[in-house]
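The values are calculated or read from the model by the stated rules, or taken from the named source; none is laboratory data. As the structure is a computational prediction, the values presented were derived from the model and not from experiment. Neighbour counts are summed over all protein chains in view; Cβ atoms, including those assigned to glycine, are modelled from backbone coordinates with ideal geometry. Side chains are part of the model used for accessible areas, which takes the heavy atoms of the whole protein and leaves out ligands, DNA and RNA. Shrake-Rupley method; radii C 1.70, N 1.55, O 1.52, S 1.80 Å.
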Amino acid sequence: MARCCACAGPDEDRARAQLAALTGAPARPGAAPAALIDGEPGHASGPFTLDGLTAVGEVTLHNRSDLLAALAAAGAAAPAGCPDGELLLRCWARLGAAGIRAAEGMFVLIVVDGTDLVLIRDQVGARTVFYARADGCWAASTSLRSLRHWPALGTGLNLAAVRSFLTFAYLPGEETLLRGVLEALPGRILRLAADGSATQEPYWEPSDALAPRGGLPAGELTAGGPANGGPGPGELGPEAYAARLRTLLEDATRCRLPQDESVAVLLSGGVDSSLVTALAAKLHTRPVHTYSISFGDELPNELGYSGLVAEHCGTRHRILTVSGEQVAARLADTVALLDSPVGDPLTVPNLMLAEAVAGDGLGVSLNGEGGDPVFGGPKNLPMLVHELHRDDPSPGARAEAYLRSYRKCYQDLPVLLTPEALRALAGEPHPERFVAPYLRPGAMQSLLNQLLHCNLRTKGAHHILTKVERLTASQGVQGRSPLFDRRVIDHAFATPPRWKLNGTVEKWVLKEAVRDLLPDTVTDRPKSGMRVPVQKWLRGPLHELSGDLLLGDRARQRGLLRPDTVRTWMRGEGTLLPRQGGKLWLVLTLELWLRAYDL
């Protein structure tokens, strides 16, 4: 396993030297300024060469047969056994953006095209790539740490990204915590030219313009519907959307199952992971192993539901108990695995699950991620309620409300950041810029779809998928997300909003699509989420570590956070108790990440 890097510029000898410095590998005399592979965990492959192009990437394709057929139809047949990275390069070289759009999978491809670099990231952002420019050359890598150690790049802490992280609990767009280093966006082809210019071509973006007949086969028109009314004239009925979704879900799950190997499914007991478990059990010819987390019997949990699903589906079920002491011992190393910090207290448990899967000899793990950002989970409700009562019609007011709805540290920034940090931020762009474009009519017309689009392009691409990928890849496991399948997403946005949020029933069409696969007890249960005992950990095994890190000399010298506010939060004062744990977790995660990256 490895991560990949590449460097290119107008001076090929200098570009090779830059790349050697970036990867720690010797420059190769006479070679093109191509990509090399470093030693960090990942799924890198290459280099591949074709028609003067050289590429490396982290590429896992789920629809190889479709792509091979498309190339053959274009008169550019590819060898049937060629690696996924080479196949994707052939699609790009022969079919252009249409060839990339046809690919379904998890991929980043870095192409050296003469003196240019071309960065291609998958539609939803399952894998990431970072880039920067220094000394007249572009460099790109799937490892932020490799760019951090590039001698030509004089970088430091990006203060605007600190504010974004404290607002969202992740970084929602192109910016990274390294000044001058950017993350390529999903669904984009980015060309970095020798003259320093960068041009971006979107090759896929979801849209609700396909409704009401988006992609549904002929003959699926139906009448009737749930309690809030049937379809209007010329519209499809809800059963048609559910039936088509079921077909797409089965296809998405089937193509992600490993051939002739058992598969793991991370099973929380919620409807999303439960339906993936049921589909895997139905479609796979080998045993399905399921894994659930417990934080101890004294806490509310979903183990009753996950156990019910495991028994119903006949899986080999395993419960992993995670203690606060384990979290405290492993938090720093876990945070260091991430290219950007994620303020999610499930990071250590997620890593331990990946270790358990790998320890059982399994190489592919499915999950239920994607149900909420694609089909409309409960976190959209505060924004929908706000819309009923807001008296400021401006787009900025909606974006401001969205930032507040995250309930992280956004409203605490005036008392959390030092006066020096606040002054330095005065001229920086506001975090609203990451969400405002999605929260007005454009690709999406309805408010619910605008919210889902925003969730998909921010939290989905920069939190959910990247966290899963980095933590599973560190154990040699591929984490695959059927609900983030591009075809499933297209259908979800083409489905009228009233079939996603039907009255008070969230994700209605998704539940109806799989109702026959699961007990009603699971399908119709309200979403509760996993109760993570963050407050208990911070008062117990993490208390001393938090104090040493957040109030120590190194944090003070950095000058970001006000020690008096941190002390107040650690004492349980100054804010509503249920939110203190999450806020302290954010600043602790940030501090650990900054130390891991020597910032």
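Apply 1/(1 + (r/R0)^6) to the Cβ-Cβ distance of LEU381 and ARG286, taking R0 = 60 Å, and write down the FRET efficiency to the nearest 0.05.
0.90
Calculate, for ARG515 and THR568, the FRET efficiency according to 1/(1 + (r/R0)^6) with r their C-beta to C-beta distance and R0 56 Å; round to the nearest 0.05.
Once the sixth-power term is evaluated, E becomes 0.70.
Pull out the extension gain between ARG525 and ARG404, defined as 0.36 nm times the separation in residues minus the alpha carbon to alpha carbon distance; nm, one decimal.
40.8 nm
Rounded, prolate or oblate: which fits the range 265-334, taking a ≥ b ≥ c as square roots of the Cα gyration tensor eigenvalues, rounded meaning a/c under 1.5, else prolate when a/b beats b/c?
prolate
For GLU261 and LYS536, calculate 0.36 nm times their separation in residues minus their Cα-Cα distance, and state this gained length in nm to one decimal.
95.0 nm
For the range 121-163, rounded, prolate or oblate, judged on the Cα gyration tensor with a ≥ b ≥ c (square roots of eigenvalues), a/c < 1.5 rounded, else prolate if a/b > b/c?
oblate
Quick check: Cα centre of the range 109-164 to Cα centre of the range 404-459, how many Å?
The two parts, judged by their Cα centres, are 23 Å apart.
Once you keep just the Cα pairs under 8 angstrom separated by 6 or more residues, what percentage relative contact order results for the chain?
Reported relative contact order: 16 percent.
Taking the alpha-carbon set of the range 48-167, what are its Rg and Dmax in Å?
16.6, 51
Can you tell me the Rg and the Dmax, both Å, for the Cα atoms in the chain?
My reading of the Cα-based Rg and Dmax gives 23.9, 71 Å.
If you build the Cα gyration tensor of the range 309-350 and take the root of 5 times each eigenvalue, what three semi-axes come out, in whole angstrom, biggest first?
28, 13, 8
With the other protein chains left in place, how much accessible area per residue, in square angstrom, belongs to the range 229-337 at a 1.4 angstrom probe?
I get 41 Å² per residue for the range 229-337.
Which value, to two decimals, describes the C-alpha radius of gyration of the range 485-599 once divided by 2.2 N^0.38 Å?
1.61
Under the rule of at least 5 residues apart or a separate chain, name every residue whose amide H is placed under 5 Å from the amide H of ASN502.
LYS507, TRP508
Might you report the magnitude of the Cβ-based charge dipole of the chain about its Cα centre, with Lys and Arg at +1 and Asp and Glu at -1, to the nearest 20 debye?
Around 700 debye, computed over the chain.
Pop the C-beta distance of THR504 and ASP195 into the FRET formula with R0 = 41 Å and round what comes out to the nearest 0.05.
Step by step, r from the Cβ atoms, then E = 0.15.
Here are some pairs, LYS379/LYS507; LYS379/LYS583; LYS459/LYS583; LYS408/LYS459; LYS467/LYS507; LYS459/LYS536; which of them have Cα atoms lying more than 22 Å apart in this structure?
Beyond 22 Å: LYS467/LYS507; LYS459/LYS536.
May I ask for the Kirkwood hydrodynamic radius of the range 405-561, worked out over all distinct Cα pairs and given in angstroms to one decimal?
Evaluated on the range 405-561, it is 20.0 Å.
Length gain on complete extension for the stretch ASP360 to GLU311, per 0.36 nm per residue less the alpha carbon to alpha carbon distance?
Answer, rounded to one decimal: 15.7 nm.
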